[in-house]
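Here's the structure we're looking at; comments come further down.
The values are calculated or read from the model by the stated rules, or taken from the named source; none is laboratory data. What you see is a predicted model, and the numbers here were worked out from it, not measured in a lab. Virtual Cβ from ideal backbone geometry, glycine too; neighbours counted across all protein chains shown.
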Amino acid sequence: MLDRSGLIAAIFAYTAWGFFPLYWHYLKHISALETMSHRVIWSFVFYGVVAHFRGSLPRFTKLLKNRRTVLHLTFGAVFLAANWLLYVWAVTHGHVMETSLGYFINPLINVAVGSLFLKEHLNRNQKIALLTATLGVLWLTYDYGRPPWIALALAVSFATYSIVKKLVPGEATLISMAETLVLFPVAIAAAIAIRWLGPTSDVALLHTPATLSSVDIALLVLGGAITGIPLLLFGVAAQRLPLTVLGFFQYLAPTFQFLSAVLFFHEPLGASRLVGFSMIWLALAIFIHDTWRARKVRVRD
């Protein structure tokens, strides 16, 4: 019998991640770099408040005393920042469908990375899934007239971040707090620089309104909680649900992103593009079936 609170936490976490584009869309008139800088700043503040009320700050200090841990956190934070920045830019520039593609293929990228760099063995079904996904990406490359760079960069950056994060054991909230602490000085500097250069800059990444409205400021500050709350819910779900079951929920987020792209942002979805996505979905179906079958075998044994 699956834990009910764990199921509810997983559904809310992945649903929130799935509808992130709708939130960041309201900040599309602000540069992606400024939005991302505020996301780092206020996420750090949010994690700090949570850690304070949990009494976790002494453990946080201990975490930062390990040089090897700090090195891994710094390396992971670079890829996290790249992922966040590209995601916000893509969402605010009409590429929500491609962001959903990135998170659909992310589990398959993890498998590919495990095979190529960690020398993990792939069974027949996993090889078929990877081949099918590759064909889907090639088809979408033909349909877009270019490789789906946004999707691939999101998938690779998050897969790399996930691998690095596995090297740092500990509480998810404290690790995320440490990652945002690493990025905090850069985020502060970027936010100040953008306020100074942004209104007169021709650089797209720095383009931002001369003044921020009270609504803009509220949304930027609230972005910290919007980022942190799903992570806390995910932590609850991870503790109370089997990893295999939790893995199935990860497809909720890109599914909702895809639906948002079609229904809310009215991004084009022709028959040709649907063929490419269908190949990705078929690859995922093969992968999920293989994962579920392997779990049943382990339980039976």
- Query: Can you pull out the residues in the stretch 1-14 that are in a helix (DSSP H, G or I) and at pLDDT below 90?
  - Reply: R4, S5, G6, L7, I8, A9, A10, I11, A13, Y14
- Message: Which residue is modelled with the lowest pLDDT, if the candidates are limited to the stretch 165-180 and must be touching a Leu at 6+ places or on another chain (Cβ under 8 Å) and part of a helix (DSSP H, G or I)?
- Response: A172
- Message: Return the residues of the stretch 56-83 that are of a type in the set (F, W, Y) and either closer than 23 Å to Y103 by Cα or without any contact (Cβ under 8 Å) to a residue 40 or more places away in the chain (or both); say none if nothing qualifies.
- Response: F75, F79
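Yes/no matrix, rows are residues, columns are (1) more than 22 Å from P268 (Cβ to Cβ); (2) crowded, with 17+ Cβ neighbours inside 10 Å:
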| position | (1), (2) |
| --- | --- |
| A32 | yes, yes |
| L57 | yes, no |
| L64 | yes, no |
| I105 | no, yes |
- Message: Return the residues of the stretch 125-136 that are surrounded by fewer than 22 Cβ atoms within 10 Å (Cβ to Cβ) and of a type in the set (A, V, I, L, M); say none if nothing qualifies.
- Response: I128, L130, L131, L135
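Can you list the helices (runs of 4 or more DSSP H) lying wholly within the stretch 35-123 that have 1 or more residues being within 29 Å of M279 (Cβ to Cβ)? Even if it seems obvious, please write down each step before you answer.
Values: elements: 57-64, 67-92, 96-116.
Here the list reads 67-92, 96-116.
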- Enumeration of residues in the stretch 181-206 that are buried (at least 18 other Cβ atoms within 10 Å of the Cβ), of a type in the set (G, A, S) and modelled with pLDDT of 80 or more: A187, A190, A191
- Note on the structure: All-but-one check, R4 against (1) within 17 Å of the chain's Cα centre (by Cα); (2) more than 30 Å from D216 (Cα to Cα), failing number (1)
